[in-house]
Amino acid sequence: MRAKSAWMAVVVAGAAVAGVIAVVVGLWRTVGDAKISTAGWVAMALGVLVTLALGVGLMALVFISSRRGYDEPGRDDR
């Protein structure tokens, strides 16, 4: 039963990714011949890099916090 639900989750995730790709491709084609300047490409690249760095940093903090026991419930030592 567990293997079947895992495959179902993979299928649903794959369908969601395919749907998002289809929407992005459709929107990209409707834009047409819009030109992006060099400054626009630099801004987009910096935005992607900063977003990835933020995501990686936050996930690292989650794992560090979990390993050091900061996520454990507090004790009442009265």
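Assuming Ser5 fulfils every condition listed in (1) outside any helix (DSSP H, G or I); (2) open to solvent by less than 70 Å² (accessible area, probe 1.4 Å); (3) of a type in the set (Ser, Thr, Tyr) apart from one, which condition is it?
Tallying (1) outside any helix (DSSP H, G or I); (2) open to solvent by less than 70 Å² (accessible area, probe 1.4 Å); (3) of a type in the set (Ser, Thr, Tyr), Ser5 fails exactly one: (1).
Assigned to a helix (DSSP H, G or I), at pLDDT 95 or above and open to solvent by less than 100 Å² (accessible area, probe 1.4 Å), is that true of Ala45?
yes
Among the residues of segment 21-78, which ones are touching an Asp or Glu at 6+ places or on another chain (Cβ under 8 Å) and either of a type in the set (D, E, K, R) or on the phi > 0 side of the Ramachandran plot (or both)?
Correct list: empty.
On the basis of being without any contact (Cβ under 8 Å) to a residue 40 or more places away in the chain and in contact with a Ser or Thr (Cβ under 8 Å, 6 or more places away or on another chain), does Asp71 make the cut?
Yes, satisfied.
Please go through segment 8-38 and give me each residue that is open to solvent by less than 70 Å² (accessible area, probe 1.4 Å) and either touching a Gly at 6+ places or on another chain (Cβ under 9 Å) or assigned to a helix (DSSP H, G or I) (or both), ordered by number.
Answer for segment 8-38, where residues must be open to solvent by less than 70 Å² (accessible area, probe 1.4 Å) and either touching a Gly at 6+ places or on another chain (Cβ under 9 Å) or assigned to a helix (DSSP H, G or I) (or both): Ala9, Ala13, Gly14, Ala15, Ala16, Ala18, Gly19, Ala22, Val25, Gly26.
The values are calculated or read from the model by the stated rules, or taken from the named source; none is laboratory data. Just so we're clear, the structure is a prediction, and the values are computed from it rather than from any experiment. Here the Cβ is made from the backbone with ideal geometry for all residues, glycine too, and neighbour counts use every protein chain on show. With ligands, DNA and RNA removed, areas are computed over all heavy atoms of the protein, side chains included. Shrake-Rupley method; radii C 1.70, N 1.55, O 1.52, S 1.80 Å.
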